[in-house]
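The structure under discussion appears below in the form of structure tokens.
The values are calculated or read from the model by the stated rules, or taken from the named source; none is laboratory data. This is a predicted model, so every value here is computed, not measured. Backbone-built Cβ (ideal geometry, glycine too); neighbour counts: all protein chains shown. Only protein heavy atoms, including side chains, enter the accessible area calculation; ligands, DNA and RNA are left aside. Shrake-Rupley method; radii C 1.70, N 1.55, O 1.52, S 1.80 Å.
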Amino acid sequence: MTSSSLARRLIDQFQHGLPLCAEPYRAMAETLGCSEAQVIDCLQHLQVAGTLSRVGPVFEHTRAGASTLAALAVPEERLHQVAARVSQYPEVNHNYAREHRYNLWFVLTGPNRAHLENILQELENDTGLTPLDLPMLTAYRIDLGFALEATP
């Protein structure tokens, strides 16, 4: 099996759910008919290539604490510096640039709303930029995925 074939099969099979067990990469390998080392190597190559950003769970934020979508209007010359500062928080995921006046967007997840407000205040104090805070009012589940292998 070629590495590109393994990558396509890996993404097709597991983009919507990883095995919930003590050794998920071994379980994935058994399903795919390869070794655990091949699965890990393939995932590392996908990440280095920029094809895959992360492997991990997505939690229902209302069960795990609090979450908000935030945005900053960052002067272009400061974008990388401010993005690096935002990314220093372990509570931040999905930190990305957009073509808009509010050009840096990120999601904060933490134990409670007060914790998130503290982080937003710290960021404002550190950067001099006021975050746009957009807490989710209603959750909509979009199960987005793309088949990479031909289906019969």
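The calculated FRET efficiency for the pair residue 113 and residue 35, based on their C-beta separation and a Förster distance of 30 Å, comes to about 0.10. Taking every alpha-carbon pair under 8 Å whose residues sit at least 6 apart, the chain reaches a relative contact order of 25 percent.
Take 102, 25 and sort them by solvent-accessible surface of the protein heavy atoms, 1.4 Å probe, largest at the top.
Values: 102 45, 25 80 Å².
Most to least solvent-accessible, the answer reads 25, 102.
The range 65-144 and the range 1-59 have Cα centres spaced 29 Å apart. Normalising by residue count, the range 4-47 has a Cα convex hull of 66 Å³ per residue. Only helices enter this figure: runs of n ≥ 4 DSSP H residues, each worth -39500 (n - 2.57), summed and divided by the residues of the chain, yield -12000 deg cm²/dmol at 222 nm to the nearest 500.
For the range 59-133, the fraction of C-alpha pairs more than 16 angstrom apart is 43%. The candidate values were [x] 14.2, 42; [y] 15.4, 54; [z] 18.7, 56; the one computed from these coordinates for Rg and Dmax of the Cα atoms in Å carries the label [z]. Subtracting the Cα-Cα distance of residue 54 and residue 85 from their residue separation scaled by 0.36 nm leaves 9.2 nm. Using only side-chain charges placed at the Cβ, +1 for Lys and Arg and -1 for Asp and Glu, the dipole size of the chain relative to its Cα centre rounds to 180 debye.
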